[in-house]
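Participant: Below is a structure I'd like to ask you about.
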Amino acid sequence: DIFDSDWYTSRSLIGGADIIVIKYSVNDKTSFQDIKESYVPMIKKALNHCSVPVIISAIGARKNGVPCTCPLCTSDRRSCVTTSEGAQLAKELGATYLELHTLSDFYIQKYFGDVLEYFMIQSLNQKSSEKMKKRKKTQKCHRVQPPQLEQPEKMPILKGEASHYDADLHNLLCCCQCADVAFCPEDLSMVVEAHKVILCSVSHLFMLLFEVKSPADIHDASIVHMAQSLFAVEEVAARGVPPGVPPVRVVVKDTVFCSCLPDILHFIYSGAFQWEQLEEDVKKKLKDPEKTEHVLEKVKCILKTPGKLNTVKGCGSHQITRLYNTSLRLFFNTPVLADVIFKIQGATVPAHRAVLVARCEVMAAMFNGNYLEANSVLVPVYGVSKDTFLSFLEYLYTDSCCPASILQAMSLLICAEMYQVMRLQHICELYIITQLQSMPSRELASTSLSIVSLLKKAKFHNSDCLSTWLLHFIATNYLIFSQKPEFQDLSVEERNFVEMHRWPSHLYLKQLADYRNYVHSQKCHCAVM
């Protein structure tokens, strides 16, 4: 009758049962098939919505005795239900399978009764457990709850500054400060000034032209031939000469190429990657496809890597970058083409005025203004260690820096503030913040690094972002820093800020103490603590 009702009625009735028993005769294959095809799918569907134990009972002794397992013999399988068929059905339902040879008192009590009793006890225990959970939940609502610890305040986010490396070098070409090369045609009708170190950083041909490398070092006859046929150096000044010496004059023998030289230099100073822009500018100026191709082929040869085929034709900007854009790192801390020497801690560090002027406004004013350094090759440096100053110069040349520690990053930050290189200052701030954030609490408690000292230095050197972050960092790790002697070095204003934003707060600690007193007074154990 249950299965003759609609689905929802059948499901509710099956779900309300304590146990489901499916019984069939082992000698009645038709009834077994009826159970398997009609009732089992309904029960299986209902069990997806509830959890009720199922027992499958196979009743009776098979008339043929032990069934034949021969695959050719099916006589007993037509009328008898085998053990494997009953077990398979039980497996599909996740049921307990029993075979009762007869419905005598022995079998009912010994097998069926024990299993039925087991499931009934399980059902009672489950219902009892659910009642206890409801009762505990009700009691828990009236019990005093432990205080909730809120998350600490979010640290101020420090945003990085975009690189302006290529723009700095391009501006150097526009202002022509510290120029040491003057390109001109054979009739001297125009002059285009440039800088040896920039040209040599992107071209082996210019290295050959300005004697940075010899023909034997180049190992490429096409570059040597192009240098001799396209340019002629009229006057080569001695290296390391004082400022004020006229720049080296380079005569451009090809008049068509010389007319496009300003565009070509803009291309080189912009990082030698805007190839499509150079093509557009040359086409617009010459308005002749043959001459345009002639000039562009010479530019490709100038940028060519020795020993490699000139495969620039048809390349995009990203491929030009990969083939030709070398780095000023080649000239970092080397006397090659150097025109200034810094004296620091008894050692000397060679450098190039063009790079310094392009990348640092303070040095641009120092070398081009009415200062002693403007007319001197040897420039003393005070207040900075040699390693820190080398790291500073490395950033100016390469637009990157990798401090070895938090203390070195702070020293580099101080040097960057001294020379007003703001992006380097921000890089050092980010490095310090990243290193402190990754430090585990145990290491933070045992480290000899003074965070308060870092805070004082950051404030003194106008690093507002870092000093604000460090104050929040001390407040967030209040329980660690309040136990350190350096905590007493905080000013009254800093102490007030830390106390106001401390984590955990005074209110939470008071609530926690009250809750602990309550737990002890009730003489019970706290599940949380």
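Participant: With E417, E499, E493 as the choices, which residue is within 26 Å of G160 (Cα to Cα) and charged (D, E, K, R)? Spell out the reasoning first.
Facilitator: Details: E499 fails: within 26 Å of G160 (Cα to Cα); E493 fails: within 26 Å of G160 (Cα to Cα).
Step by step, each of E417, E499, E493 is checked, and only E417 is within 26 Å of G160 (Cα to Cα) and charged (D, E, K, R).
Participant: Which residue, of A358, A347, A416, A351, is in contact with a helix residue (DSSP H, G or I) (Cβ under 7 Å, 6 or more places away or on another chain) and touching a residue at least 60 places away in the same chain (Cβ under 8 Å)?
Facilitator: Working: A347 fails: touching a residue at least 60 places away in the same chain (Cβ under 8 Å); A416 fails: touching a residue at least 60 places away in the same chain (Cβ under 8 Å); A351 fails: touching a residue at least 60 places away in the same chain (Cβ under 8 Å).
That would be A358, the only listed residue that is in contact with a helix residue (DSSP H, G or I) (Cβ under 7 Å, 6 or more places away or on another chain) and touching a residue at least 60 places away in the same chain (Cβ under 8 Å).
Participant: For the range 198-218, which residues satisfy the criterion of being touching a residue at least 12 places away in the same chain (Cβ under 8 Å), more than 18 Å from K300 (Cβ to Cβ) and either in a loop (DSSP other than H, G, I, E, B) or open to solvent by 10 Å² or more (accessible area, probe 1.4 Å) (or both)?
Facilitator: Restricting attention to the range 198-218, the residues satisfying the condition of being touching a residue at least 12 places away in the same chain (Cβ under 8 Å) are 198-206, 208-212, 218.
Checking the rest, the ones that are also more than 18 Å from K300 (Cβ to Cβ) come to 198, 210-212.
F210, E211, V212 - these are the residues of the range 198-218 that are touching a residue at least 12 places away in the same chain (Cβ under 8 Å), more than 18 Å from K300 (Cβ to Cβ) and either in a loop (DSSP other than H, G, I, E, B) or open to solvent by 10 Å² or more (accessible area, probe 1.4 Å) (or both).
Participant: Could I ask something else about it? Scan the range 402-417 residue by residue and report those that are modelled with pLDDT of 95 or more and aliphatic (A, V, I, L, M).
Facilitator: Once the filter is applied, which keeps residues that are modelled with pLDDT of 95 or more and aliphatic (A, V, I, L, M), the range 402-417 yields I406, L407, A409, M410, L412, L413, I414, A416.
Participant: I need the helices (runs of 4 or more DSSP H) fully contained in the range 269-365, keeping only those with at least 1 residues that are modelled with pLDDT of 90 or more and of a type in the set (D, E, K, R). Write out each step before concluding.
Facilitator: On the way: elements: 275-286, 289-302, 317-324, 353-359.
Of the helices (runs of 4 or more DSSP H) lying wholly inside the range 269-365, those with at least 1 residues that are modelled with pLDDT of 90 or more and of a type in the set (D, E, K, R) span 275-286, 289-302, 353-359.
Participant: Is the range 78-99 home to any residue that is at pLDDT 70 or above, assigned to a loop (DSSP other than H, G, I, E, B), open to solvent by less than 60 Å² (accessible area, probe 1.4 Å) and under 30 Å from H506 (Cβ atoms)? Spell out how you get there, then give the answer.
Facilitator: Filtering the range 78-99 for residues at pLDDT 70 or above gives 79-99.
When the remaining residues are screened for being assigned to a loop (DSSP other than H, G, I, E, B), the result is 79-82, 94-95.
Next cut, open to solvent by less than 60 Å² (accessible area, probe 1.4 Å) only: 79-82, 95.
In the following step, the residues that additionally are under 30 Å from H506 (Cβ atoms) were identified as none.
No.
Participant: Another question, then. When Y508 is evaluated against the numbered criteria (1) open to solvent by 70 Å² or more (accessible area, probe 1.4 Å); (2) farther than 30 Å from E361 by Cβ; (3) in contact (Cβ under 8 Å) with a residue 60 or more places away in the chain, which criterion, by number, is the only one it fails?
Facilitator: Only one criterion in (1) open to solvent by 70 Å² or more (accessible area, probe 1.4 Å); (2) farther than 30 Å from E361 by Cβ; (3) in contact (Cβ under 8 Å) with a residue 60 or more places away in the chain is unmet by Y508, namely (1).
Participant: Okay, next question. How many residues, within the range 419-441, are open to solvent by 40 Å² or more (accessible area, probe 1.4 Å) and either outside the structural domain of L466 (by the TED database) or under 23 Å from L328 (Cα atoms) (or both)? Can you show your working first?
Facilitator: Going through the range 419-441, the residues open to solvent by 40 Å² or more (accessible area, probe 1.4 Å) turn out to be 420, 422, 426-427, 430-431, 434-435, 437-438, 440-441.
Keeping just the survivors that are either outside the structural domain of L466 (by the TED database) or under 23 Å from L328 (Cα atoms) (or both) gives 420, 422, 426-427.
Qualifying residue count for the region: 4.
Participant: How about the range 36-58: which of its residues are surrounded by fewer than 17 Cβ atoms within 10 Å (Cβ to Cβ) and in a helix (DSSP H, G or I)?
Facilitator: Initial filter on the range 36-58 (surrounded by fewer than 17 Cβ atoms within 10 Å (Cβ to Cβ)): 37-39, 41-42, 44-45, 48-52.
Scanning the range 36-58 gives E37, S38, Y39, P41, M42, K44, K45.
Participant: So, in the range 395-408, exactly how many residues are touching a residue at least 60 places away in the same chain (Cβ under 8 Å) and surrounded by fewer than 18 Cβ atoms within 10 Å (Cβ to Cβ)? Spell out how you get there, then give the answer.
Facilitator: Residues of the range 395-408 that are touching a residue at least 60 places away in the same chain (Cβ under 8 Å), as a first pass: 397-399.
When the remaining residues are screened for being surrounded by fewer than 18 Cβ atoms within 10 Å (Cβ to Cβ), the result is 398.
Selection size over the range 395-408: 1.
Participant: Here is a follow-up. So which residues in the range 441-477 are touching a residue at least 24 places away in the same chain (Cβ under 8 Å) and outside any helix (DSSP H, G or I), if there are any at all?
Facilitator: L449, S450, H461, N462, S463, N477
Participant: Name the single residue, out of those in the range 409-418 being among the small types (G, A, S) and over 14 Å from E361 (Cα atoms), that is surrounded by the most Cβ atoms within 10 Å (Cβ to Cβ). Walk me through how you get there before you give the answer.
Facilitator: Filtering the range 409-418 down to residues among the small types (G, A, S) leaves 409, 411, 416.
Those still in the list that are over 14 Å from E361 (Cα atoms) too: 409, 411.
Values: A409: 25, S411: 21.
Residue satisfying both the conditions and the ranking: A409.
Participant: Let me ask another. Could you list, ordered by first residue, the pairs with Cβ atoms under 7 Å in which the first is in the range 68-94 and more than 14 Å from V40 (Cβ to Cβ) and the second is in a loop (DSSP other than H, G, I, E, B) and at pLDDT 85 or above, at least 6 apart or interchain?
Facilitator: S79/N27; C80/V26; C80/N27
Participant: Restricting attention to the range 367-389, which residues are in a helix (DSSP H, G or I) and open to solvent by 30 Å² or more (accessible area, probe 1.4 Å)? So that I can check it myself, show each step before the final result.
Facilitator: Just the residues of the range 367-389 that are in a helix (DSSP H, G or I), to begin with: 367-368, 372-375, 386-389.
Those that are in a helix (DSSP H, G or I) and open to solvent by 30 Å² or more (accessible area, probe 1.4 Å): N368, L372, E373, N375, K386, D387.
Participant: Okay, next question. Going by the structure shown, is D387 free of Cβ contacts under 8 Å to residues at least 60 places away in the same chain and in the same structural domain as K457 (by the TED database)? Reasoning before the result, please.
Facilitator: Working: free of Cβ contacts under 8 Å to residues at least 60 places away in the same chain: yes; in the same structural domain as K457 (by the TED database): yes.
For D387, the condition - free of Cβ contacts under 8 Å to residues at least 60 places away in the same chain and in the same structural domain as K457 (by the TED database) - is met.
Participant: Same structure, new question: If a residue must be at pLDDT below 90 and on the phi > 0 side of the Ramachandran plot, how many such residues does the range 196-241 contain?
Facilitator: 2
The values are calculated or read from the model by the stated rules, or taken from the named source; none is laboratory data. Bear in mind the structure is a predicted one, so any value in this text is a computation, not a measurement. Every residue, glycine among them, receives a Cβ derived from its backbone with ideal geometry; neighbour counts consider all protein chains shown. Surface accessibility is based on the protein's heavy atoms, side chains included, excluding ligands, DNA and RNA. Shrake-Rupley method; radii C 1.70, N 1.55, O 1.52, S 1.80 Å.
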